[in-house]
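Asker: Below you'll find the structure I mean.
The values are calculated or read from the model by the stated rules, or taken from the named source; none is laboratory data. Bear in mind the structure is a predicted one, so any value in this text is a computation, not a measurement. Glycine also receives a Cβ, built like all others from the backbone with ideal geometry; neighbour counts cover every protein chain displayed. Accessible surface areas use protein heavy atoms only, side chains included; no ligands, DNA or RNA. Shrake-Rupley method; radii C 1.70, N 1.55, O 1.52, S 1.80 Å.
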Amino acid sequence: MIIRPSTDADIGAITAIYGWNVLNGLGTFEEVPPDEAEMARRRGAFLERGLPYLVAELDGKVLGYAYAGPFRLRAAYRYTVEDSIYVAPDAAGKGVGKALLTALIEACEALGLRQMCAVIGDSGNAASIGVHAALGFEHKGVFPAMGYKFDRWVDLVWMQRPLNGGGETPPDAPGMSLSGV
C-alpha cells in the first residue's frame, strides 16, 4: 500500500468511499452523498490552502483517503487543523486508516502546524477512537447527542494531538490564511 497526494483522477473513488460512509456510517453527519463535482470542489478548497489531501492505494485501487481542514475560520486558529479519514468498506480493519493518519500528521507537521483535532462521530466508534489514540491523540471530551442520524442521537468525541511541540513555544511558521463568518 502506498500513501500519496490525491489527484483529480481519484475523485470518483473518493466520492464512492465517502458516499458509502454517508449512507452507512456515523463518521459523517451528512445524510445525502455529494456528487463528484461537489467532492472535487471540497478537495480543491483544502488544496488551495496548501493542506494535505491524501489517498491510500494498493494495486491501482484507492482504499481510503484523508485530509486536514481548518479547525475554524478565525485567524487565531491558523495553526490548528481537523483531520478526516474515510476508508472503503472492504479495506476496513487492514491498517489503511492508521497509515493515512500517520502520513497526514507528518504532512501537517511539515507545514509548521501546531495542533490536530479529531471530531469523531459516535462515541461507539472504537476503530476511529483507537487509531487516533494509538497515534498520540488524547481524549478531550464527548459532546452528547450532537447529531441525529439513522433514527438516533449521535455523540461527538473530541480528541487532540499536538504537532511540532503544540503550545510549548510560539509558532515558527505563518500558519494558514484564515477568515470567514
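Asker: Within the set of other residues whose C-beta is less than 15 Å from the C-beta of Gly25, count the net charge using Lys and Arg as +1 and Asp and Glu as -1.
Answerer: Numbers: positive: Lys149, Arg152; negative: Glu30, Glu31, Asp90, Asp122, Asp151, Asp155.
Cβ neighbours under 15 Å give a net charge of -4.
Asker: Further question: Taking K and R as +1 and D and E as -1, what net charge do the other residues with C-beta under 11 Å from the C-beta of Gly44 add up to? Each step should come with its number before you reach the end.
Answerer: Details: positive: Arg41, Arg42, Arg43, Arg49; negative: Asp8, Glu38, Glu48.
That sum, taken over residues with Cβ under 11 Å, equals +1.
Asker: What are the ³J(HN,Hα) couplings of region 158-167, residue after residue, when phi is run through the Karplus curve with 6.51, -1.76, 1.60 and θ = phi - 60°? Round to Hz, x for glycine and proline.
Answerer: Result, ordered by residue: 9, 10, 8, 9, x, 10, 6, x, x, x Hz.
Asker: Also, I was wondering about something else. Towards the positive end of the charge dipole of the chain, with charges on Cβ (+1 Lys, Arg; -1 Asp, Glu), say which of Gly124, Leu135, Gly166 has the farthest Cα.
Answerer: Gly166
Asker: Hey, another quick one. How would Tyr18, Tyr67 line up by accessible area, probe 1.4 Å, largest first?
Answerer: Tyr67, Tyr18
Asker: At 1.4 Å probe size, with every protein chain present, just tell me what the per residue accessible area of region 1-155 comes to in Å². Each step should come with its number before you reach the end.
Answerer: Values: 7550 Å² over 155 residues.
Per-residue accessible area for region 1-155 comes out at 49 Å².
Asker: How are the Cα pair distances of region 86-181 distributed, in percent, across 10 Å bins from 0?
Answerer: 14, 37, 35, 13, 1
Asker: What net charge do the residues around Leu178 carry, taking every other residue with its C-beta under 10 Å from that of Leu178, with Lys and Arg at +1 and Asp and Glu at -1?
Answerer: +4
Asker: If amide H atoms are built 1.01 Å from N in the plane of the peptide, which residues on other chains or at least 5 residues away come under 5 Å of the amide H of Ser123?
Answerer: Correct list: Asp155.
Asker: Moving on to the next point. Find how much the distance from Glu30 to Leu73 grows on full extension, using 0.36 nm per residue of separation minus their present alpha carbon separation; answer in nm with one decimal.
Answerer: Details: separation 43, 0.36 × 43 = 15.48 nm, distance 2.03 nm.
Working it through step by step, the gained length comes to 13.4 nm.
Asker: Can I ask one more? Heavy atoms only, probe 1.4 angstrom, no DNA, RNA or ligands counted: give me Ile11, Ile3 ranked by accessible area, highest first.
Answerer: On the way: Ile11 15, Ile3 60 Å².
Largest accessible area first, the residues go Ile3, Ile11.
Asker: So, one more: Among the complete DSSP H segments of the chain, which ones combine at least 20 Å of alpha-carbon extent along their axis with a mean Kyte-Doolittle hydropathy of 1.0 or more? Don't skip to the end; give the middle numbers.
Answerer: Working: long enough: 96-110 (21 Å, 1.19).
Sorted by number, the helices that extend far enough and score high enough are 96-110.
Asker: List the relative contact order of region 46-123 as a percent without decimals, with contacts defined as Cα pairs under 8 Å and 6+ residues apart. Could the numbers behind the result be given before it?
Answerer: Working: 117 pairs, mean separation 23.4, N = 78.
30 percent.
Asker: I need to check one value: relative contact order of the chain, counting alpha carbon pairs closer than 8 Å and at least 6 residues apart, in percent.
Answerer: Working: 332 pairs, mean separation 38.1, N = 181.
Dividing the mean separation by the residue count of the chain yields 21 percent.
Asker: Return the distance in nm (one decimal) between the two label points of a simple spin-label model at Lys140 and Ala37, each offset 7 Å from Cα along Cα→Cβ.
Answerer: For the pair Lys140/Ala37, the computed spacing is 3.6 nm.
Asker: Using a 1.4 Å probe, how large is the accessible area of Trp158, given in Å² and rounded to the nearest 10?
Answerer: Counting only protein heavy atoms, Trp158 exposes about 50 Å² to solvent.
Asker: In addition: Among Val87, Val96, what's the order by accessible area (1.4 angstrom probe), most exposed first?
Answerer: Details: Val87 30, Val96 5 Å².
Reading off the accessible areas and sorting them downward yields Val87, Val96.
Asker: Could I ask something else about it? Please report the carbon-and-sulfur percent of the accessible area for the chain; probe 1.4 Å, protein heavy atoms only, DNA, RNA and ligands left out.
Answerer: On the way: 5090 of 9120 Å².
Using a 1.4 Å probe with all protein chains present, the chain comes out at 56 percent carbon and sulfur.
Asker: Going by the alpha-carbon gyration tensor, a ≥ b ≥ c the square roots of its eigenvalues, is the chain rounded (a/c under 1.5) or, if a/c is not under 1.5, prolate (a/b greater than b/c) versus oblate? Walk me through the numbers on the way to the answer.
Answerer: Working: a/c = 1.41, a/b = 1.18, b/c = 1.20.
Rounded, because the longest to shortest axis ratio a/c is under 1.5.
Asker: Over the Cα atoms of region 1-105, Rg to Rh with Kirkwood Rh, two decimal places?
Answerer: On the way: Rg = 13.3 Å, Rh = 14.0 Å.
Result: Rg/Rh = 0.95.
Asker: Helix-only mean residue ellipticity at 222 nm, the chain, DSSP H runs n ≥ 4 weighted -39,500 (n - 2.57), per residue, nearest 500. What is it?
Answerer: Details: 4 runs with 51 residues, N = 181.
Per the formula, -9000 deg cm²/dmol.
Asker: How much FRET efficiency would the formula 1/(1 + (r/R0)^6) give for Leu47 and Trp20, where r is the Cβ-Cβ distance and R0 is 25 Å, rounded to 0.05?
Answerer: On the way: r = 23 Å, r/R0 = 0.92.
FRET efficiency, Leu47 to Trp20: 0.60.
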